[in-house]
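As structure tokens, the structure follows; a few thoughts come after it.
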2 protein chains.
Amino acid sequence: MDELLDRATAQTYASWFRALADPTRVQIVEYLARHARPMSVGEIVAAVGLAQSTVSQHLKILTEVRFVLVEPVGTARHYHINDACVDCFPSAADVVMGRPAPSPNGAC
Amino acid sequence: MDELLDRATAQTYASWFRALADPTRVQIVEYLARHARPMSVGEIVAAVGLAQSTVSQHLKILTEVRFVLVEPVGTARHYHINDACVDCFPSAADVVMGRPAPSPNGAC
DNA sequence: AGACTCAATCGCCTATCGGCGATAGACGAT
DNA sequence: ATCGTCTATCGCCGATAGGCGATTGAGTCT
């Protein structure tokens, strides 16, 4: 009775949800979305009140699933929400229906 | 510049997503959903191939957010998907819009 | 009562996570 | 070239998560 969702798909789903499984990352995402313009790490650090290295790490996790996009601007790097990924972010219904998970590294 | 999503809301969102942030739990949820009938722990253990204690722990996490419901039947316990929670499970758009998070312990 | 079954809990171990400070690398300005 | 600024990475730490076996508790059936 091995009729399980294949592990790779399950892993992909899990990595999507893991990106938002931390309250600080949820706050960062909402913050980036509300101020619609691209924002530097320094601004985000000031907003969330954590160490720069910590924020940088969270941003790395968010960019790894393309949920947030980066754009180098001089010495700074501007982060902004990937609206396409907001749309393709999996829902619980997707999981329940066993739909193939949207690739976290593709064009979404 | 403290205009952040309040921590409690962020935490609630995070706990929702953390429930599906593990591939085994994704598989369990999809398995429960596909076989629409309530299933015992033993059946789920046989399906996922992990120790009974491990599966029990995963089911506890899933029931804590009411994503999965339990019903004692004799000495067994039958688990099944909470369709209401499938519907109210937060989307990325909810986070981005800063909508109040659905309470994970309420009636959904 | 006693034996059996099913599932939750406990204790332990390892791996990962989230936080930090310190360091390193890239770039603009002087 | 040098300095200052910005951000990524590294190393460390405590806490949490996921895995397991063993035990306990609750329920059924003789």
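The values are calculated or read from the model by the stated rules, or taken from the named source; none is laboratory data. Because the structure is a prediction, the values reported are computed rather than measured. Reconstructed Cβ throughout: ideal geometry from the backbone, glycine too, with neighbour counts over all protein chains shown. Accessible surface is based on the protein model in full, side chains and every heavy atom, while ligands, DNA and RNA are left aside. Shrake-Rupley method; radii C 1.70, N 1.55, O 1.52, S 1.80 Å.
Among what's in the range B:1-26 and is within 7 Å of chain A (Cβ to nearest Cβ) and in a loop (DSSP other than H, G, I, E, B), pick the residue that is farthest from the chain's Cα centre (by Cα). Looking at the filtered set, the residue picked out is B:Met1. Here A:Ala93 meets each of (1) within 15 Å of B:Ala92 (Cβ to Cβ); (2) touching a residue at least 24 places away in the same chain (Cβ under 8 Å); (3) touching a helix residue (DSSP H, G or I) at 6+ places or on another chain (Cβ under 8 Å) with one exception, condition (2). Taken over the range B:30-78, the residue count meeting the criterion of being within 12 Å of another protein chain (Cβ to nearest Cβ), out of contact with any helix residue (DSSP H, G or I) (no Cβ under 9 Å at 6 or more places or on another chain) and part of a loop (DSSP other than H, G, I, E, B) is 2.
Can you pull out every residue in the range B:11-35 that is touching a residue at least 24 places away in the same chain (Cβ under 8 Å), farther than 18 Å from A:Ala101 by Cβ and open to solvent by 10 Å² or more (accessible area, probe 1.4 Å)? Once the filter is applied, which keeps residues that are touching a residue at least 24 places away in the same chain (Cβ under 8 Å), farther than 18 Å from A:Ala101 by Cβ and open to solvent by 10 Å² or more (accessible area, probe 1.4 Å), the range B:11-35 yields B:Thr12, B:Ser15. Only a single item in (1) open to solvent by 10 Å² or more (accessible area, probe 1.4 Å); (2) away from DNA strand C (no atom under 11 Å from the Cβ); (3) over 13 Å from the mean Cα position of the chain (by Cα); (4) free of Cβ contacts under 8 Å to residues at least 24 places away in the same chain is not met by A:Pro38, and it is number (4). Listed conditions (1) modelled with pLDDT under 95; (2) touching a Ser or Thr at 6+ places or on another chain (Cβ under 8 Å) are all met by A:Leu4, apart from (2). Can we say B:Val55 is over 23 Å from A:Ser15 (Cβ atoms) and among the β-branched types (Val, Ile, Thr)? Here the answer is no, as B:Val55 does not meet what is asked. For the range A:70-108, filtered to residues that are open to solvent by less than 50 Å² (accessible area, probe 1.4 Å) and of a type in the set (Gly, Ala, Ser), the residue that is modelled with the lowest pLDDT is A:Gly106. So, B:Asp87, is that one within 7 Å of chain A (Cβ to nearest Cβ) and acidic (Asp, Glu) or not? So B:Asp87 does not fit the description; no.
Residue pairs whose Cβ atoms lie under 8 Å apart, sitting 6 or more positions apart in sequence or on different chains, and linking a residue in the range B:64-78 that is closer than 18 Å to A:Val95 by Cα and more than 13 Å from DNA strand D (Cβ to nearest atom) to a partner that is open to solvent by 80 Å² or more (accessible area, probe 1.4 Å) and at pLDDT below 95, are B:Arg66/B:Asn105.
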